[in-house]
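K.L.:
Supplied in C-alpha coordinates, the structure appears directly below.
The values are calculated or read from the model by the stated rules, or taken from the named source; none is laboratory data. All values derive from a computational prediction rather than experimental measurement. Positions of Cβ are backbone-derived with ideal geometry, glycine not excepted, and every protein chain shown enters the neighbour counts.
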Amino acid sequence: MLTINNELVLRTDDYKLLIAYLHGGKAKTAFDQRNAADLQAELKKAKLVDKDDFPGDVVRINSTVRVKAEEADDILQFKLVTPDKANIKEGRVSVMAPIGTALIGFKKGQQVKWRVPGGEKTFTILDVMNEQ
(Lines give C-alpha, C1' and ligand atoms only; values in the text may rest on other atoms or scores of the structure.)
Protein backbone atom coordinates (compact mmCIF):
# COMPACT_ATOMS: atom_id res chain seq x y z
CA MET A 1 0.00 0.00 0.00
CA LEU A 2 1.30 3.41 -0.90
CA THR A 3 0.01 6.82 -0.03
CA ILE A 4 0.67 10.13 -1.71
CA ASN A 5 2.02 12.80 0.68
CA ASN A 6 -0.52 11.90 3.33
CA GLU A 7 -0.35 11.77 7.09
CA LEU A 8 -2.22 8.91 8.71
CA VAL A 9 -4.38 10.07 11.64
CA LEU A 10 -6.15 7.61 13.93
CA ARG A 11 -8.29 7.93 17.01
CA THR A 12 -6.57 6.31 19.97
CA ASP A 13 -9.56 4.01 20.62
CA ASP A 14 -9.63 2.86 16.97
CA TYR A 15 -5.88 2.20 17.10
CA LYS A 16 -6.28 0.03 20.21
CA LEU A 17 -9.17 -1.87 18.60
CA LEU A 18 -7.16 -2.50 15.43
CA ILE A 19 -4.13 -3.67 17.40
CA ALA A 20 -6.42 -6.05 19.34
CA TYR A 21 -7.72 -7.49 16.05
CA LEU A 22 -4.21 -7.87 14.67
CA HIS A 23 -2.93 -9.63 17.78
CA GLY A 24 -6.12 -11.36 18.83
CA GLY A 25 -5.48 -14.56 16.90
CA LYS A 26 -8.91 -14.51 15.30
CA ALA A 27 -9.21 -16.98 12.44
CA LYS A 28 -7.88 -15.32 9.32
CA THR A 29 -7.60 -16.41 5.72
CA ALA A 30 -4.25 -16.07 3.98
CA PHE A 31 -5.68 -13.01 2.21
CA ASP A 32 -6.53 -11.41 5.56
CA GLN A 33 -3.02 -12.12 6.84
CA ARG A 34 -1.46 -10.15 3.96
CA ASN A 35 -3.87 -7.27 4.62
CA ALA A 36 -3.13 -7.45 8.35
CA ALA A 37 0.59 -7.06 7.63
CA ASP A 38 -0.15 -3.98 5.48
CA LEU A 39 -2.39 -2.54 8.17
CA GLN A 40 0.19 -3.14 10.89
CA ALA A 41 2.82 -1.30 8.82
CA GLU A 42 0.44 1.65 8.40
CA LEU A 43 -0.42 1.76 12.11
CA LYS A 44 3.24 2.22 12.99
CA LYS A 45 3.21 5.51 11.03
CA ALA A 46 -0.06 6.82 12.50
CA LYS A 47 -0.48 10.01 14.49
CA LEU A 48 -2.80 9.15 17.40
CA VAL A 49 -5.36 11.67 18.61
CA ASP A 50 -8.08 11.61 21.26
CA LYS A 51 -11.77 11.47 20.37
CA ASP A 52 -12.25 15.18 21.14
CA ASP A 53 -9.41 16.24 18.82
CA PHE A 54 -10.21 13.87 15.94
CA PRO A 55 -11.00 15.68 12.66
CA GLY A 56 -14.52 14.99 11.34
CA ASP A 57 -13.35 14.40 7.77
CA VAL A 58 -10.92 11.55 8.49
CA VAL A 59 -11.79 7.91 7.74
CA ARG A 60 -12.15 5.78 10.88
CA ILE A 61 -13.99 2.65 11.97
CA ASN A 62 -17.72 3.17 11.30
CA SER A 63 -17.12 5.98 8.79
CA THR A 64 -19.29 6.05 5.69
CA VAL A 65 -16.93 6.85 2.82
CA ARG A 66 -17.37 7.86 -0.81
CA VAL A 67 -14.32 7.31 -3.00
CA LYS A 68 -13.61 7.75 -6.68
CA ALA A 69 -11.51 5.18 -8.50
CA GLU A 70 -9.38 7.42 -10.73
CA GLU A 71 -8.58 4.87 -13.44
CA ALA A 72 -12.19 3.76 -13.98
CA ASP A 73 -14.04 6.92 -12.93
CA ASP A 74 -16.18 4.75 -10.63
CA ILE A 75 -17.60 6.11 -7.37
CA LEU A 76 -17.99 3.70 -4.45
CA GLN A 77 -19.74 4.28 -1.14
CA PHE A 78 -19.50 1.99 1.87
CA LYS A 79 -19.21 1.91 5.64
CA LEU A 80 -15.85 0.84 7.09
CA VAL A 81 -16.40 -1.66 9.90
CA THR A 82 -14.63 -4.24 12.04
CA PRO A 83 -14.25 -7.65 10.35
CA ASP A 84 -17.09 -9.26 12.33
CA LYS A 85 -19.58 -6.66 11.02
CA ALA A 86 -18.49 -6.75 7.36
CA ASN A 87 -21.20 -7.54 4.79
CA ILE A 88 -20.49 -6.35 1.26
CA LYS A 89 -24.13 -6.82 0.19
CA GLU A 90 -25.14 -4.31 2.88
CA GLY A 91 -22.33 -1.91 1.99
CA ARG A 92 -20.15 -2.69 5.01
CA VAL A 93 -16.47 -3.27 4.22
CA SER A 94 -13.93 -4.65 6.70
CA VAL A 95 -11.07 -2.46 7.82
CA MET A 96 -8.96 -5.58 7.12
CA ALA A 97 -10.00 -5.59 3.44
CA PRO A 98 -7.43 -3.99 1.12
CA ILE A 99 -9.51 -0.85 0.52
CA GLY A 100 -10.25 -0.51 4.24
CA THR A 101 -6.57 -0.84 5.09
CA ALA A 102 -5.73 1.72 2.41
CA LEU A 103 -8.28 4.35 3.49
CA ILE A 104 -8.31 4.30 7.30
CA GLY A 105 -6.71 7.39 8.81
CA PHE A 106 -6.86 9.54 5.68
CA LYS A 107 -9.13 12.50 5.05
CA LYS A 108 -11.53 13.91 2.51
CA GLY A 109 -9.70 15.17 -0.57
CA GLN A 110 -6.66 12.94 -0.17
CA GLN A 111 -5.56 10.37 -2.74
CA VAL A 112 -4.60 6.85 -1.73
CA LYS A 113 -3.01 4.13 -3.86
CA TRP A 114 -4.38 0.65 -3.26
CA ARG A 115 -2.73 -2.58 -4.37
CA VAL A 116 -5.20 -5.01 -5.94
CA PRO A 117 -4.61 -8.38 -7.62
CA GLY A 118 -4.47 -6.63 -11.03
CA GLY A 119 -1.99 -3.94 -9.94
CA GLU A 120 -2.47 -0.59 -8.23
CA LYS A 121 -5.47 1.73 -8.21
CA THR A 122 -5.63 5.34 -7.08
CA PHE A 123 -8.63 6.49 -5.08
CA THR A 124 -9.67 10.01 -4.13
CA ILE A 125 -11.67 10.31 -0.92
CA LEU A 126 -14.70 12.41 -1.92
CA ASP A 127 -16.59 12.42 1.35
CA VAL A 128 -16.33 11.07 4.90
CA MET A 129 -19.34 10.88 7.19
CA ASN A 130 -18.63 10.03 10.83
CA GLU A 131 -21.18 9.23 13.50
CA GLN A 132 -20.81 11.33 16.62
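K.L.:
What are the pairs with Cβ atoms under 7 angstrom where one residue, in the range 38-67, is at negative phi and the other, located anywhere, is of a type in the set (V, I, T) and part of a loop (DSSP other than H, G, I, E, B)? Sequence gap at least six, or different chains.
P.N.:
Pairs that qualify, where the first residue is at negative phi and the partner is of a type in the set (V, I, T) and part of a loop (DSSP other than H, G, I, E, B), are V59/I104; R60/I104; I61/T82; I61/V95; V65/V59.
K.L.:
Test of understanding: among G91, G105, G109, G100, which residue is surrounded by fewer than 21 Cβ atoms within 10 Å (Cβ to Cβ), under 21 Å from L18 (Cα atoms), among the small types (G, A, S) and in contact with a strand residue (DSSP E or B) (Cβ under 7 Å, 6 or more places away or on another chain)?
P.N.:
Going through G91, G105, G109, G100 in turn, the sole match is G91.
K.L.:
Do you know which residues across the range 123-132 are touching a residue at least 60 places away in the same chain (Cβ under 8 Å) and surrounded by fewer than 17 Cβ atoms within 10 Å (Cβ to Cβ)?
P.N.:
Matches in the range 123-132: L126, D127, M129, E131.
K.L.:
Considering only residues of the range 14-65 that are basic (K, R), part of a helix (DSSP H, G or I) and more than 21 Å from N130 (Cβ to Cβ), which is modelled with the lowest pLDDT?
P.N.:
In this case the residue turns out to be R34.
K.L.:
Tell me yes or no: at least one residue of the range 110-131 is in a helix (DSSP H, G or I), out of contact with any Lys or Arg (no Cβ under 9 Å at 6 or more places or on another chain), at pLDDT below 95 and among the β-branched types (V, I, T).
P.N.:
The answer is no, given that none of the residues of the range 110-131 is in a helix (DSSP H, G or I), out of contact with any Lys or Arg (no Cβ under 9 Å at 6 or more places or on another chain), at pLDDT below 95 and among the β-branched types (V, I, T).
K.L.:
Just give me the residues in the range 73-92 being part of a strand (DSSP E or B), closer than 18 Å to L10 by Cα and among the β-branched types (V, I, T), in sequence order. Break it down stepwise before answering.
P.N.:
Filtering the range 73-92 for residues part of a strand (DSSP E or B) gives 74-81, 87, 92.
Checking the rest, the ones that are also closer than 18 Å to L10 by Cα come to 79-81.
Of everything in the range 73-92, just one residue is part of a strand (DSSP E or B), closer than 18 Å to L10 by Cα and among the β-branched types (V, I, T), namely V81.
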